[in-house]
Amino acid sequence: MSRAESHSLSQSNAQEDQQMISRLFLEHPRKVEESYLEHAIFARRFAFRLFAAAGAALIHALIPCLFEKTASRMIAAMYAQTHDRGQ
């Protein structure tokens, strides 16, 4: 393989790597009009809210008079916040 062919192949691999990184880490945040960091913060906060809703549901399963509608309200609010994102 010549030096020119090797250089061309190296550039091609770098472009493919860049496209893969963009697809894996940037494509979705751009669809919802956020940067990678903004999206990571939003998703982390969303995950914590899901854990809180799960905790409320678990407590409700053990003691039915507690948190009767908490998990449902939390999930409904999260759905309302996210169902139109990226459209």
So if I check each of PHE67, PHE48, which one is modelled with pLDDT of 95 or more and at positive phi? PHE67
Output the qualifying pairs, or none if there are none: Cβ atoms under 6 angstrom, residues six or more apart or on different chains, first residue in the stretch 20-42 and over 19 Å from ASP84 (Cβ atoms), second residue open to solvent by less than 40 Å² (accessible area, probe 1.4 Å) and of a type in the set (D, E, K, R). none
Qualifying positions in the stretch 30-46 - of a type outside the set (S, T, N, Q) and over 22 Å from MET74 (Cα atoms): ARG30, LYS31, GLU33, GLU34, TYR36, LEU37
Only one residue in HIS28, HIS39, HIS7 is in contact with a helix residue (DSSP H, G or I) (Cβ under 9 Å, 6 or more places away or on another chain) and either open to solvent by 50 Å² or more (accessible area, probe 1.4 Å) or modelled with pLDDT under 95 (or both), so which one is that? HIS28
If a residue must be assigned to a helix (DSSP H, G or I) and either in contact (Cβ under 8 Å) with a residue 40 or more places away in the chain or among the aliphatic types (A, V, I, L, M) (or both), how many such residues does the stretch 69-86 contain? 7
Note on ALA54: of the conditions (1) in a helix (DSSP H, G or I); (2) exposed (fewer than 10 other Cβ atoms within 10 Å of the Cβ); (3) modelled with pLDDT of 95 or more, unmet is (2)
Give me the residue from the stretch 57-72 that is open to solvent by 70 Å² or more (accessible area, probe 1.4 Å) and of a type in the set (Gly, Ala, Ser) and, out of that set, nearest to the chain's Cα centre (by Cα). SER72
Sort out which residues of the stretch 14-51 are among the hydroxyl-bearing types (Ser, Thr, Tyr) and outside any helix (DSSP H, G or I), and write them in order of number. SER35
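The values are calculated or read from the model by the stated rules, or taken from the named source; none is laboratory data. All values derive from a computational prediction rather than experimental measurement. As a convention, Cβ positions derive from the backbone with ideal geometry for all residues, glycine included, and neighbour counts pool all protein chains shown. These accessible areas exclude ligands, DNA and RNA; they are computed on the full protein's heavy atoms, side chains included. Shrake-Rupley method; radii C 1.70, N 1.55, O 1.52, S 1.80 Å.
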